[in-house]
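Here is the structure we will look at.
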Amino acid sequence: MAFSPKHLLGIEHLSPTDITAILDLAETYVDLNRKEQKQGGALAGMTQVNMFFENSTRTQASFELAGKRLGADVLNLAMGASSIKKGETLIDTAMTLNAMNPDMLVVRHPHSGAVDLLSQKVKCAVLNAGDGRHEHPTQALLDALTIRRAKGRIHRLNIAICGDIAHSRVARSNIFLLNKMENRIRLVGPQTLMPSGIDKFGVEVYDDMNEGLKDVDVVMMLRLQRERMDGAFIPSEREYYYRWGLTREKLANAKDDAIVMHPGPMNRGVEIDGDIADDINRSVIQEQVEMGVAVRMAAMDLLAQGLRARRREAVSV
Ligand code: NCD
């Protein structure tokens with residue numbers, strides 16, 4: 001098996017072969033998901049628990065669908081109503097769940113590193129559905145699958161990631177993945193929204209969007225993540241849109257066949273013109289959502305295979 005880690009916590013420690021294995025398997029799930037009978041058996045008999053300590057629409061829904069389509073029993077814990085509100089720590093909650101013998105734990109948490117910490121305390125496979133501004137591995141994988149299908153490859157492309165890079169786990173995971181696959185990455189946005197230590201990321205940085213988008217194959221837009229900002233990072237939304245919002249005029253700098261991406265949720269008229277988001281000739285935003293289910297099915301299938309292999313080994317020792 002090409003992909004053998006116990007957990008999927010980030011892209012940083014995956015190899016290009018791991019990434020390709022996940023994307024290739026995801027392709028088979030894209031086909032399955034377009035059929036009327038969407039049942040695969042990779043997680044048959046297994047229990048998947050989704051713990052989202054932060055709001056989510058797409059990610060939670062697609063992990064839930066992915067688990068159900070693979071035959072798992074899926075439990076969505078409403079973390080707002082859980083004992084965390086009564087002062088229980090994350091680790092105590094995890095240990096309690098662990099005692100119920102789940103097989104897959106899908107966790108989103110506002111603190112960077114929290115999901116990794118939790119993975120060290122439980123016996124099952126843990127998937128990071130976004131931890132603070134650290135990583136969001138399944139988002140980067142679904143973005144890669146979307147790009148690979150639209151462009152026919154996932155290497156040697158010019159890709160601009162634009163907007164609030166500093167607060168974005170989507171940007172970090174994408175930078176890791178796209179660098180590993182040997183693409184040229186440009187980060188475009190105001191200086192105030194660039195992460196510190198950017199020179200170590202192996203990227204080019206632009207604060208002028210027209211220059212940054214010149215001849216790129218892919219334009220990836222990001223939301224201003226105000227929930228992670230502790231001060232004023234931009235002058236006003238109006239000025240932000242004027243300088244860094246994706247409009248048709250700015251997009252004209254990119255290649256004629258450049259695709260436009262956004263992980264959602266989108267703020268129309270802030271980082272992106274609604275008209276471009278809805279343009280089926282340029283925008284692949286809906287495809288990203290579709291690929292999200294397939295990629296999560298592939299990731300959980302591979303982790304389940306690893307889990308079964310380890311359990312067999314443990315029994316035979
Ligand atoms: C992203 C996230 O939660 O990090 N959304 C997502 O998972 N689709 C991006 C964001 O919140 O802006």
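The values are calculated or read from the model by the stated rules, or taken from the named source; none is laboratory data. Please read all numbers here as calculations on a predicted model, not as lab measurements. Positions of Cβ are backbone-derived with ideal geometry, glycine not excepted, and every protein chain shown enters the neighbour counts.
Only a single item in (1) more than 24 Å from Thr146 (Cα to Cα); (2) surrounded by fewer than 22 Cβ atoms within 10 Å (Cβ to Cβ); (3) touching a residue at least 40 places away in the same chain (Cβ under 8 Å) is not met by Ser15, and it is number (1). Just one of the listed residues (Ile185, Ile154, Ile175, Ile165) is assigned to a strand (DSSP E or B) and either buried (at least 24 other Cβ atoms within 10 Å of the Cβ) or away from the ligand (no atom under 16 Å from the Cβ) (or both), and it is Ile185.
Apart from one condition, Asp143 fits all of (1) surrounded by fewer than 19 Cβ atoms within 10 Å (Cβ to Cβ); (2) within 16 Å of the ligand (Cβ to nearest atom); the exception is (1).
Restricting attention to region 227-237, the residues that are surrounded by 12 or more Cβ atoms within 10 Å (Cβ to Cβ) and assigned to a helix (DSSP H, G or I) add up to 2. In region 238-262, of all residues being within 16 Å of the ligand (Cβ to nearest atom) and not in a helix (DSSP H, G or I), the one that is surrounded by the most Cβ atoms within 10 Å (Cβ to Cβ) corresponds to Leu246.
Close Cβ contacts (under 7 Å, 6 or more residues apart or on different chains) running from residues in region 56-71 that are of a type in the set (Gly, Ala, Ser) and at pLDDT 95 or above to residues that are within 16 Å of the ligand (Cβ to nearest atom) and part of a helix (DSSP H, G or I) comprise Ser62/Gly292; Ser62/Val293; Ser62/Arg296; Ala66/Val293; Ala66/Arg296.
Selection of region 170-212 for residues being of a type in the set (D, E, K, R) and on the phi < 0 side of the Ramachandran plot yields Arg172, Lys180, Arg184, Arg186, Asp199, Lys200, Glu204, Asp207, Asp208, Glu211. Evaluate the following for Arg133: is it under 15 Å from the mean Cα position of the chain (by Cα), assigned to a loop (DSSP other than H, G, I, E, B) and either farther than 28 Å from Thr192 by Cβ or within 16 Å of the ligand (Cβ to nearest atom) (or both)? It is true that Arg133 is under 15 Å from the mean Cα position of the chain (by Cα), assigned to a loop (DSSP other than H, G, I, E, B) and either farther than 28 Å from Thr192 by Cβ or within 16 Å of the ligand (Cβ to nearest atom) (or both).
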